[in-house]
Amino acid sequence: MTTKYIIISILMAFALIVSGCASQETDYISEEYDQHVSTFEEDVVSLDDAIDNWNDALSMAESDGSIGDEEYDHLIDIRNEYSTEMNRVNPHIDSFKAFIEENENALKDMGVDTYEDKKALVDFQTEMDENYEVMKTSTNQETDYIADEYEQHLATYEEDLSNIESCTDNWNDALSMAESDGYISDEEYDHLIDVGNEYIDEMNRVEPHLVSFKEFIEGNEMALKDMGVDTYEDKKILDDLQTSIDRDYETILISLEG
């Protein structure tokens, strides 16, 4: 496993604007700019702390020359904490950039170097992304495991779908044949019961697989998205199959009870 230490090296290019501007509008812009600067500085400290946690955990994990399962799991937890913090910070950066662009002329008149400010914000976001990529690469063992388990769930789903569709076809064929002469005999009814029970047995076998697959997706959603998996669409497909199974089950019960 490749593991790397991370260093944040963002140059603090911002300076608070001196109050006492020429108009109420520029006073407002000055105050909002200072608020954005203050939030940015807090976010830098927060991300620095997250990086320190990663580096400390990595140093401790590697101290004996081997990273154990418990230490590896701890690194994954810290990576996920960093990702959560990054997702909290990014909207602040986007809002700051939008504010600068919207008020660029007024800020320049106040002495703000808006080009350097926007560059520092873009550089910070780029470095956040690069740091997260380092963390993902360093924990790629988990990624490989998740990818393998996803493929296993997918293969089970495809097999289950085929089996359920086969049971549904068997039911429809049996019902069509039984109703072909306008009368369902006792023998045909017994056959429908057998086919219906086969469907129910298959349903009871498949449903835990669907629940397990959905729980797996929800438990590893961020990693799966990083792999290019459309988790929303996957969960929708699983829900749709579950709905279809329940609907067909109700149809079978009504037909047998009728």
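The values are calculated or read from the model by the stated rules, or taken from the named source; none is laboratory data. No experiment lies behind these values; they were computed from the predicted model shown. All Cβ positions, even for glycine, are placed from backbone atoms using ideal geometry, and neighbour counts span all protein chains on display. These area figures cover heavy atoms from the full protein model, side chains too; ligands, DNA and RNA do not enter into them. Shrake-Rupley method; radii C 1.70, N 1.55, O 1.52, S 1.80 Å.
Overview of values
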| quantity | calculated |
| --- | --- |
| Residue in the range 216-223 that is closer than 22 Å to Ser162 by Cα and within 28 Å of the chain's Cα centre (by Cα) present | yes |
| Hits in the range 172-215 (condition: aromatic (Phe, Trp, Tyr) and more than 39 Å from the chain's Cα centre (by Cα)) | Tyr183, Tyr189 |
| Filter result (of a type in the set (Ser, Thr, Tyr), under 22 Å from Asn220 (Cα atoms) and in contact with a helix residue (DSSP H, G or I) (Cβ under 8 Å, 6 or more places away or on another chain)) within the range 64-109 | Tyr72, Tyr82, Ser83 |
| Any hit, the range 207-214, residues being on the phi > 0 side of the Ramachandran plot and exposed (fewer than 11 other Cβ atoms within 10 Å of the Cβ) | no |
| Single unsatisfied condition, Ala155 versus (1) open to solvent by 50 Å² or more (accessible area, probe 1.4 Å); (2) under 18 Å from the mean Cα position of the chain (by Cα); (3) among the aliphatic types (A, V, I, L, M) | (2) |
| Filter result (small (Gly, Ala, Ser) and either open to solvent by 70 Å² or more (accessible area, probe 1.4 Å) or within 30 Å of Asp186 (Cβ to Cβ) (or both)) within the range 229-258 | Ser255, Gly258 |
| Residue among Asn87, Asn80 that is over 22 Å from Asp27 (Cα atoms) and at pLDDT below 90 | Asn80 |
| Neighbours by Cβ (under 7 Å, 6+ apart or cross-chain): first from the range 100-112, acidic (Asp, Glu); second in a helix (DSSP H, G or I) | Glu104/Thr114 |
| Segments classed as helices (runs of 4 or more DSSP H), wholly inside the range 182-258, with at least 2 members that are touching a residue at least 40 places away in the same chain (Cβ under 8 Å) and of a type in the set (Phe, Trp, Tyr) | 186-219 |
| Exclusive hit being at pLDDT 90 or above and open to solvent by 50 Å² or more (accessible area, probe 1.4 Å), set Glu133, Glu198, Glu202 | Glu198 |
| Among the residues listed as Ser38, Ser30, the single one being of a type outside the set (D, E, K, R) and either surrounded by 13 or more Cβ atoms within 10 Å (Cβ to Cβ) or closer than 23 Å to Thr139 by Cβ (or both) | Ser30 |
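Yes/no matrix, rows are residues, columns are (1) open to solvent by 20 Å² or more (accessible area, probe 1.4 Å); (2) of a type in the set (Phe, Trp, Tyr); (3) touching a Leu at 6+ places or on another chain (Cβ under 6 Å):
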| position | (1), (2), (3) |
| --- | --- |
| Ser59 | yes, no, no |
| Ile67 | yes, no, no |
| Thr84 | yes, no, no |
| Val89 | no, no, no |
| Asn103 | yes, no, no |
| Tyr115 | yes, yes, no |
